[in-house]
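The values are calculated or read from the model by the stated rules, or taken from the named source; none is laboratory data. Source: prediction; values computed, not measured. Neighbour counts are summed over all protein chains in view; Cβ atoms, including those assigned to glycine, are modelled from backbone coordinates with ideal geometry.
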Amino acid sequence: MNGTRTNLALSARPTVYEEELQGLGRFRLVTIEPESDADLLYSWVREERARFWGMLSLSRDEVRDIYQFLDSLDTHHGYLMCVDGNPAGIFQTYEPLQDPVSEAYEARAEDTGMHLLLAPADRPVRNFTPTLVAALTRFLLADPAKDRVVAEPDARNAKAIRRFEGCGFELGPTVQLAEKEAQLVFLTRERFESQAS
């Protein structure tokens, strides 16, 4: 898909959340449109760097179908992250109590879950991930009923785990999920707000 066309199409979509991020620019979340975004999503998830996302061997249509299924759920949501009009990655949210992860730890109604896949970058940007994760956490905790963010990176993905820790998440247990061994990480509202002050 042509990059300019992609950016124009994304700029026309309704914004779910937006914020001006210091050093990065305008950050927006827009809902994934499985058919329109299939080529872009497929180009990201088939890269070796995205192997822990678990879609390396899938076809474009299989990737589209997964996001169509996700789009049909009330408890799980998929978003494209955009920074200054450019697609920057996939952000997925879920209700842990309505997800298989709840079989692996004591999920609470106040928990909110996230998955994050950053798009390949042309050049590194200083503090990109922590700045982005802080914005995503503000989005998740804007719901006053939620007080803890949960993520479950693959236990072999040391880079992602270090990034979460660098963003203030605390390590929980390592648990066995159907498709992977996962390292649970948690960030409470109290800890997040104390870091921001």
Restricting attention to region 42-91, and to residues there that are part of a loop (DSSP other than H, G, I, E, B), out of contact with any strand residue (DSSP E or B) (no Cβ under 7 Å at 6 or more places or on another chain) and more than 24 Å from Ala155 (Cα to Cα), which single residue is modelled with the lowest pLDDT? Gly85
Criterion: surrounded by 17 or more Cβ atoms within 10 Å (Cβ to Cβ) and either touching a residue at least 24 places away in the same chain (Cβ under 8 Å) or under 28 Å from Glu181 (Cβ atoms) (or both) - qualifying residue of Ala145, Ala158, Ala135: Ala135
Mind checking which residues of region 45-75 are touching a Leu at 6+ places or on another chain (Cβ under 8 Å) and hydroxyl-bearing (Ser, Thr, Tyr)? Tyr67
Quick check on region 113-136. Is at least one of its residues among the charged types (D, E, K, R) and within 17 Å of the chain's Cα centre (by Cα)? no
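Using the structure shown, decide if Gln195 is more than 29 Å from Asp37 (Cβ to Cβ) and touching a helix residue (DSSP H, G or I) at 6+ places or on another chain (Cβ under 9 Å).
yes
Can you tell me which residue is surrounded by the most Cβ atoms within 10 Å (Cβ to Cβ) among those in region 42-75 that are in contact (Cβ under 8 Å) with a residue 60 or more places away in the chain and more than 21 Å from Gly113 (Cα to Cα)?
Trp44
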